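Some notes on the structure that comes next.
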Amino acid sequence: MQRVVVGLSGGVDSSVAAYLLKEQGYEVIGLFMKNWHDDTVTISNECPWLEDSNDALLVAEKLGIPFQTVDLSEQYKERIVDYMFNEYEKGRTPNPDVLCNREIKFDVFMKIALSLGADFVATGHYCRKNTIEVEGKPVHQLVAGKDNNKDQSYFLCQLSQEQLSKALFPIGELTKPEVREIAAKADLITAEKKDSQGLCFIGKVRLPEFLQQKLQPKEGVIIEIPADAAIYNQSIPRFENLESELAYEAQNKDYSNSDGIVKAKHQGAHYFTKGQRKGLNVGGTKEPLFVIETDVEKNIIYTGQGNNHPGLFKKTLFIQNSEVHWIREDLRLKSGESKEVLARIRYRQPLQKATLYQFDNGMYVRFEEPQSAITEGQFVAWHEGDELLGSGVIS
């Protein structure tokens with residue numbers, strides 16, 4: 001009888017994952033991760049961990065499986081929260097959910113599970129795992145969940161072969177309504193529970209307030225760049241080679257105050273991210289203002305009117321070599337090689353046609369269509385069909 005430790009979060013997905021594994025004859029243990037204590041920055045009652053751990057306990061009792069809570073708040077602060085502060089300070093926008101899976105659930109948590117004699121760790125993610133043979137060795141594939149609306153493979157885009165080898169995703173073949181139906185039939189308390197929103201295991205956080213714990217407010221100006229500004233009509237230089245062409249396409253526009261007009265003040269460029277519309281508090285424009293660039297050095301936010309503003313769009317992005325991650329190590333590109341893929345730069349974005357170009361210093365991803373708000377610090381993930389092959393941090 002193989003032993004599986006399930007990360008019971010107190011939600012319906014992980015509850016049904018545990019139920020299905022028990023039905024399949026595994027020896028199941030439920031573990032709840034406590035990752036956060038500071039209630040001052042969470043929006044009250046949105047996702048209190050106490051209620052979640054209580055629901056997880058009730059599910060474990062219903063299923064007749066052992067249950068315990070593990071406190072990972074120290075590791076979570078170190079690996080996720082501190083990383084977030086550092087990234088925002090640099091003017092980048094991190095993705096804590098992707099990191100939480102790589103650093104907490106499938107590392108710290110997985111090690112605890114294996115120390116309990118587990119053969120596998122299971123989560124309630126909507127994705128699938130296949131194992132194929134390449135040159136006589138098993139290779140694990142991370143495949144999109146069957147429910148297109150809920151596919152969460154993007155959040156697991158940084159997992160390694162070793163992590164995948166020990167992972168199980170019991171609900172990957174199901175849709176959300178099917179999961180709720182199974183929970184209702186099994187009389188699980190979480191059957192009708194709403195999906196939690198917000199940071200992985202923290203709950204809903206007021207981000208500016210959260211960041212203000214470490215990053216001090218600093219007054220600066222909001223500048224609006226008109227859509228017909230000269231910076232968008234510069235002639236394109238001639239390029240010696242493909243690499244210099246891609247580098248040109250991937251670079252950010254170098255705005256200056258003279259390109260636009262001062263619209264208002266803000267409390268710190270590091271609280272804002274590209275593509276952001278809310279929180280600027282600037283009225284009197286024909287269309288809403290969107291952040292098109294932030295300069296944390298000079299503490300300036302550059303904005304443009306409307307979601308079709310030319311400052312929002314770019315075709316090409318760059319990933320430094322140290323940030324290029326292949327789940328399918330056997331498909332890793334060598335310098336000078338390229339590959340056509342389907343890629344996305346954020347969760348739930350429809351997959352876009354793109355080409356990967358690997359060079360000595362890193363990889364360029366060039367999209368067929370210009371993409372809105374390509375944001376440094378976020379993850380780009382690339383697929384072949386349903387399979388997620390790899391990912392990287394946008395630099």
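The values are calculated or read from the model by the stated rules, or taken from the named source; none is laboratory data. Because the structure is a prediction, the values reported are computed rather than measured. So basically every Cβ, Gly included, is an ideal-geometry build from the backbone, and we count neighbours across all protein chains shown.
Quick look at the values:
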{"item": "Restricting the stretch 313-352 to residues that are of a type in the set (Ser, Thr, Tyr) and assigned to a loop (DSSP other than H, G, I, E, B), the residue that is nearest to Leu242 (Cα to Cα)", "result": "Ser335"}
{"item": "Among residues of the stretch 91-118, those that are over 16 Å from the mean Cα position of the chain (by Cα) and among the aromatic types (Phe, Trp, Tyr), counted", "result": "1"}
{"item": "Any hit, the stretch 163-175, residues being modelled with pLDDT of 95 or more, exposed (fewer than 13 other Cβ atoms within 10 Å of the Cβ) and closer than 17 Å to Gly124 by Cα", "result": "no"}
{"item": "Whichever residue in the stretch 358-379 is of a type outside the set (Lys, Arg), in contact with a Lys or Arg (Cβ under 7 Å, 6 or more places away or on another chain) and touching a residue at least 60 places away in the same chain (Cβ under 8 Å) and, among such residues, is farthest from Gln141 (Cα to Cα)", "result": "Ala373"}
{"item": "Identity of the residue in the stretch 224-244, surrounded by 10 or more Cβ atoms within 10 Å (Cβ to Cβ) and of a type in the set (Asp, Glu), that ends up farthest from Lys265 (Cα to Cα)", "result": "Glu243"}
{"item": "Tabulated pairs, the stretch 222-234, first among the small types (Gly, Ala, Ser), second modelled with pLDDT of 95 or more and part of a strand (DSSP E or B), C-beta under 8 angstrom, 6+ apart or interchain", "result": "Ala227/Gly304; Ala227/Gln305"}
{"item": "Gln371 vs. criteria more than 12 Å from Gly392 (Cβ to Cβ), within 20 Å of the chain's Cα centre (by Cα) and at pLDDT 95 or above", "result": "yes"}
{"item": "Test: residue in the stretch 327-334 that is of a type outside the set (Phe, Trp, Tyr), touching a residue at least 60 places away in the same chain (Cβ under 8 Å), surrounded by fewer than 16 Cβ atoms within 10 Å (Cβ to Cβ) and touching a helix residue (DSSP H, G or I) at 6+ places or on another chain (Cβ under 8 Å)", "result": "yes"}
{"item": "Trp49 being at pLDDT below 90 and under 30 Å from Glu323 (Cβ atoms)", "result": "no"}
{"item": "Among the residues listed as Asp119, Asp107, the single one being of a type in the set (D, E, K, R), touching a Lys or Arg at 6+ places or on another chain (Cβ under 7 Å) and in the same structural domain as Leu50 (by TED's automatic domain parsing)", "result": "Asp119"}
{"item": "Search result, residues across the stretch 101-123 that are among the hydrophobic types (A, V, I, L, M, F, W, C) and either within 15 Å of Gln161 (Cα to Cα) or surrounded by fewer than 23 Cβ atoms within 10 Å (Cβ to Cβ) (or both)", "result": "Ile104, Phe106, Val108, Met110, Ile112, Leu114, Leu116, Ala118, Phe120, Val121"}
{"item": "Flag for Gln152 being at pLDDT 95 or above, touching a strand residue (DSSP E or B) at 6+ places or on another chain (Cβ under 8 Å) and among the polar types (S, T, N, Q)", "result": "yes"}
{"item": "So Val291, is it outside any strand (DSSP E or B), in contact with a Leu (Cβ under 9 Å, 6 or more places away or on another chain) and within 21 Å of Ala229 (Cβ to Cβ)", "result": "no"}
{"item": "Residues within the stretch 256-281 that are touching a residue at least 12 places away in the same chain (Cβ under 8 Å), part of a loop (DSSP other than H, G, I, E, B), at negative phi and surrounded by fewer than 16 Cβ atoms within 10 Å (Cβ to Cβ), tallied", "result": "1"}
{"item": "Criterion (surrounded by fewer than 20 Cβ atoms within 10 Å (Cβ to Cβ), outside the structural domain of Gly385 (by TED's automatic domain parsing), within 25 Å of Gly377 (Cβ to Cβ) and under 18 Å from the mean Cα position of the chain (by Cα)) met by exactly one of Tyr88, Tyr83, Tyr126", "result": "Tyr83"}
{"item": "Residues (closer than 17 Å to Pro96 by Cα and of a type in the set (Val, Ile, Thr)) located in the stretch 337-373", "result": "Ile345"}
{"item": "The stretch 353-375 - residue that is among the polar types (S, T, N, Q) and assigned to a loop (DSSP other than H, G, I, E, B) and, of those, surrounded by the most Cβ atoms within 10 Å (Cβ to Cβ)", "result": "Thr375"}
{"item": "Residue list for the stretch 136-183, filter: touching a residue at least 60 places away in the same chain (Cβ under 8 Å), assigned to a loop (DSSP other than H, G, I, E, B) and within 14 Å of Asp330 (Cα to Cα)", "result": "Ser160"}
{"item": "Conditions (1) over 15 Å from Leu246 (Cβ atoms); (2) surrounded by fewer than 20 Cβ atoms within 10 Å (Cβ to Cβ); (3) not assigned by TED's automatic domain parsing to the domain that holds Ala247: number failed by Gln378", "result": "(2)"}
{"item": "Which listed residue, of Val324, Val296, Val291, is within 25 Å of the chain's Cα centre (by Cα) and under 30 Å from Tyr126 (Cα atoms)", "result": "Val324"}
